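Engineer: The structure under discussion is supplied below as structure tokens; questions concerning it will follow.
The values are calculated or read from the model by the stated rules, or taken from the named source; none is laboratory data. Keep in mind the model is a prediction, meaning the values are calculated, not measured. Glycine also receives a Cβ, built like all others from the backbone with ideal geometry; neighbour counts cover every protein chain displayed. The protein model used for the area step is the full one, side chains on, heavy atoms only, and it has no ligands, DNA or RNA in it. Shrake-Rupley method; radii C 1.70, N 1.55, O 1.52, S 1.80 Å.
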Amino acid sequence: SRVKSVVLMNNNTPLSFEQKGTELTIVLDKVNADPVDTIIKIELNSPLPPAPAKTSQEGSLSGKPKPGNLASQKPAKLLSLDGSHELTPCVNSRFASLGVDNNTLTLAQASGEWSWTFQVDLETISKVSRIVVIFDKKGYATEYKVLVSTDGKNWNGVAEVSNNHKAGIYAHTFSAMPARYNRVQGIKPDGPNQEGTHMIIAELEVYEK
């Protein structure tokens with residue numbers, strides 16, 4: 001869609017811009033950040049076209065949680081492999097929340113570090129015995145671990161996988177144990193020789209049974 005105008009809403013000032021194909025460059029030299037919110041409005045010549053309909057084979061579009069999934073829409077984080085610090089989302093759009101939104105078409109992926117950890121906080125301690133990891137077809141871990149914890153400090157490993165060479169759905173069942181925090185550690189990126197992209201989480205599901 002072509003851009004008609006760009007306006008700084010804080011003081012209704014038009015901003016200079018340049019559009020080349022799908023890229024839009026906005027000149028911000030004269031913009032001073034507002035201490036509360038700096039709001040820029042981009043007006044298009046015409047509305048964006050509706051998104052094409054997806055088939056059920058492409059993933060779930062319902063956004064409805066699966067029965068018993070304790071991780072549905074719970075707080076999630078993109079962390080370093082050891083969990084010591086948070087990472088930014090890849091391509092500025094693959095937020096942690098998209099790994100627990102009940103939609104396998106939206107993705108969670110960290111940037112900056114090849115090996116990283118996806119963590120979900122159930123907010124309360126529950127008896128957990130099954131964790132389902134769904135990797136996106138374009139990014140899976142050839143080696144990964146699944147861990148649980150009640151306090152976010154002491155962790156119990158419930159699954160460890162190596163020499164995995166395909167994406168898909170992986171259900172890990174184990175003896176029920178109390179857990180609030182749940183992690184998937186992507187130790188190695190995808191591919192036999194660890195070439196290409198790194199772990200992409202389509203969904204992480206946690207169940208009591």
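Engineer: Accessible area of the chain with a 1.4 Å probe: how many percent of it is carbon plus sulfur?
Structural biologist: 51 percent
Engineer: Please list, or write none, the lysines whose alpha carbon is within less than 21 Å of the alpha carbon of K138, excluding same-chain residues fewer than 8 places away.
Structural biologist: Straight-distance partners of K138: K54, K77, K166, K188.
Engineer: Roughly how many Å² is the accessible area per residue of the chain, as a whole number, for a 1.4 Å probe? Could you put the intermediate results ahead of the total?
Structural biologist: Numbers: 12290 Å² over 209 residues.
Dividing the accessible area of the chain by its residue count gives 59 Å².
Engineer: Note down the net charge around K74, summing +1 for each Lys or Arg and -1 for each Asp or Glu among other residues with Cβ under 9 Å from its Cβ.
Structural biologist: With Lys, Arg at +1 and Asp, Glu at -1, the net is -2.
Engineer: Which value in Å is the Kirkwood Rh of the stretch 66-175 over different Cα pairs?
Structural biologist: Taking the inverse mean of 1/r over all distinct Cα pairs, the stretch 66-175 comes out at 14.6 Å.
Engineer: Then there's this: Calculate one ³J(HN,Hα) per residue across the stretch 157-165 by plugging θ = phi - 60° into the Karplus curve 6.51 cos²θ - 1.76 cosθ + 1.60, and present them in order as whole Hz with x for glycine and proline.
Structural biologist: Couplings: x, 10, 7, 9, 10, 9, 6, 8, 10 Hz.
Engineer: Students often get this wrong, so try it: which of (1) 10.2; (2) 12.1; (3) 14.9 is mean projected area of the Cα convex hull in nm² as calculated from the structure shown?
Structural biologist: (3)
Engineer: Taking the Cα centre of the chain as origin, sum charge times position over the Cβ atoms of Lys and Arg (+1) and Asp and Glu (-1), and report the length of that vector in debye to the nearest 20.
Structural biologist: 520 debye
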